[in-house]
Amino acid sequence: MGTLGALVKHPDDFYPLLKLKMAARHAEKQIPSEPHWGFCFSMLHKVSRSFALVIQQLDTKLRNAVCIFYLVLRALDTVEDDTSIATDVKVPILIAFHRHIYDRSWHFSCGTKDYKVLMDQFHHVSTAFLELEKGYQDAIEDITKRMGAGMAKFICKEVETVDDYDEYCHYVAGLVGLGLSKLFHASGAEDLAPDTLSNSMGLFLQKTNIIRDYLEDINEIPKSRMFWPRQIWSKYVNKLEDLKYEENSVKAVQCLNDMVTNALTHMEDCLKYMSALRDPAIFKFCAIPQIMAIGTLALCYNNIEVFRGVVKMRRGLTAKVIDRTNSMADVYGAFYDFSCMLKTKVDSKDPNAQKTLARLDAITKTCRESGVLNKRTILSSTIACIVS
Ligand code: D9A
C-alpha cells in the first residue's frame with residue numbers, strides 16, 4: 001500500500017509521521033560542515049534512516065562517538081557479508097579491523113551501493129574516530145577487536161546448537177550492547193551496566209531480526225545464509241529451507257513460535273537494563289529499538305507470512321513508537337500489552353504452548369510489580385493495534 005492508502009486506513013498515523021518528517025529535515029540541516037563529519041552523518045542517515053534520528057537526540061560528544069561506532073560496525077558487517085571475498089582474504093581483515101580504524105590510509109573495497117561508498121571512503125570514518133576522546137576510542141577498539149574475532153570464528157562454523165546461536169548473536173549484537181554501555185559510561189551520564197544485561201539488549205534485537213528475515217536470508221544469492229539453529233528447526237523439518245514450502249506450513253509456524261519463545265527469554269534482562277538508565281536521551285535511544293522489536297515479534301508470532309514475504313511494521317507505527325516512547329512506564333506498558341496479546345495468540349495445540357505461556361506470565365508479572373502500569377500514556381494502544 002502507498003503512503004496515501006496507509007494514511008486513509010490509519011489517519012492517526014498522520015501527525016507522528018509529519019513530526020518524524022520534520023525531525024528528519026531538521027537533522028539534515030544539522031549535518032556538520034567538516035568533510036569527514038559531514039560524510040559520517042550523511043552516511044548514517046543513508047544506512048539507518050529512523051535510527052539515525054534517535055542517535056541525533058544524544059548529547060554532542062556521545063552522539064559523535066555512537067555515530068562512528070555504528071559506522072565501524074557497519075563496515076565490519078559489510079566485510080563479513082560480502083560472499084565474493086575469499087575466506088583467506090576475509091579472515092585477516094576481520095581480525096585486524098580494530099587496528100585499521102587508527103589508520104587513515106587504510107581502505108578495502110567491497111560491498112554494494114551505500115556500503116561500497118562507506119568502504120571506499122573509510123578514511124573519513126578513521127579521521128573522525130581519531131578525533132574522539134580516548135575513553136570512546138578504547139571502547140570502540142575493544143568491541144571491534146572482539147567482534148572481528150568472533151565473526152572470523154563463525155565464517156567456517158555453522159549455527160548448530162542453541163548455545164552456538166547465543167554465541168553468534170553475542171559477537172554480532174551482544175557486543176554492541178556492551179560497547180554502547182561503555183560509551184554511555186565514558187560520557188559520564190550513566191553507571192556501567194552489567195555485561196549480561198547489555199548482552200541481552202543486543203540478543204533480543206538480533207534474534208528478532210533473524211526471525212523476521214528468514215525468507216530474505218534463505219533466498220540470499222549466491223548462497224543462503226542460515227542463522228536459525230539446527231537444534232530448533234530439526235524438530236520440525238529435515239532442512240531449514242523446507243520451512244518455506246506450503247506443504248510444511250503447520251511445522252513452519254510451530255518452529256517459528258519456538259524461535260519467538262527462545263527470544264522471549266531476554267525480555268526481563270532488557271527491562272532491568274532500561275530501568276537503570278538515568279539520562280532521558282540515552283533512555284529513549286535504548287528503548288525505541290526494543291519496542292520496535294516487540295512490535296515485530298508480535299507481528300511474527302504464529303504468522304505464516306514470515307515464510308512468504310516481508311513482515312514489517314508500518315512506517316506510521318514506527319513514527320508513533322519514536323514519538324511516544326518517553327518513560328519506563330511506556331516501556332512496561334508496551335511489554336505488558338505485548339505479552340497479554342501474545343497470550344491470546346498461543347494455540348493450546350502448539351508443542352511449546354506451556355513454555356511460551358510461562359515466559360509471558362513471568363514478563364507480565366515483572367511489569368505489574370513495577371507499579372507504573374496505571375500511569376502510562378497512549379503508546380500501549382499503539383502496540384495493541386499492531387496485531388489486531
Ligand atoms: C544498535 Cl550503535 C544496533 N543495532 C540495531 C539498532 O539498535 C541497537 C547497531 C549499532 C548500534 C546500536 C541498539 C540501540 C540502543 C541500545 C543498544 C543497541 O544496546 C544497549 O544495541 C544492542 O538494531 C543492530 C544490532 C541488533 C545488531 C545490535 C536499531 C536499528 N534499527 C533499524 C531498524 C531495523 O529494522 O533494523 O538499527 C533502523 O532504524 O534502521
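Structure values in brief
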| quantity | calculated |
| --- | --- |
| Selection from segment 79-124 of residues that are free of Cβ contacts under 8 Å to residues at least 40 places away in the same chain, in a loop (DSSP other than H, G, I, E, B) and either closer than 17 Å to Ile68 by Cα or open to solvent by 70 Å² or more (accessible area, probe 1.4 Å) (or both) | Ser84, Tyr102, Asp103, Arg104, Ser105, Trp106, His107, Thr112 |
| Scope segment 307-316; condition surrounded by 13 or more Cβ atoms within 10 Å (Cβ to Cβ), more than 17 Å from Leu205 (Cα to Cα) and either within 15 Å of the ligand (Cβ to nearest atom) or at pLDDT below 95 (or both); matching residues | Arg314, Arg315, Gly316 |
| Any hit, segment 20-35, residues being at pLDDT 95 or above and farther than 22 Å from Met147 by Cα | yes |
| Unique match (being of a type outside the set (D, E, K, R) and more than 30 Å from His98 (Cα to Cα)) among Tyr214, Tyr168 | Tyr214 |
| Subset of segment 44-60 [within 10 Å of the ligand (Cβ to nearest atom) and either in contact with a His (Cβ under 7 Å, 6 or more places away or on another chain) or in a loop (DSSP other than H, G, I, E, B) (or both)] | Arg49, Ala52 |
| Test: residue in segment 203-211 that is touching a Phe, Trp or Tyr at 6+ places or on another chain (Cβ under 6 Å) and within 12 Å of the ligand (Cβ to nearest atom) | yes |
| Residue, surrounded by the most Cβ atoms within 10 Å (Cβ to Cβ), within segment 59-76, restricted to residues that are under 18 Å from Glu141 (Cα atoms) and either of a type in the set (Ser, Thr, Tyr) or without any contact (Cβ under 8 Å) to a residue 24 or more places away in the chain (or both) | Tyr70 |
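Residues checked against (1) surrounded by fewer than 23 Cβ atoms within 10 Å (Cβ to Cβ); (2) within 16 Å of the ligand (Cβ to nearest atom); (3) touching a residue at least 40 places away in the same chain (Cβ under 8 Å):
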position: Arg278; (1), (2), (3): yes, yes, yes
position: Gly295; (1), (2), (3): no, yes, yes
position: Cys300; (1), (2), (3): yes, yes, yes
position: Asn303; (1), (2), (3): yes, no, yes
position: Ala334; (1), (2), (3): no, yes, yes
position: Asp337; (1), (2), (3): no, no, yes
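The values are calculated or read from the model by the stated rules, or taken from the named source; none is laboratory data. A quick note: this is a predicted structure, and the numbers were derived from the prediction, not measured. Cβ sites come from the backbone with ideal geometry, for glycine too, and all protein chains shown count toward neighbours. Only protein heavy atoms, including side chains, enter the accessible area calculation; ligands, DNA and RNA are left aside. Shrake-Rupley method; radii C 1.70, N 1.55, O 1.52, S 1.80 Å.
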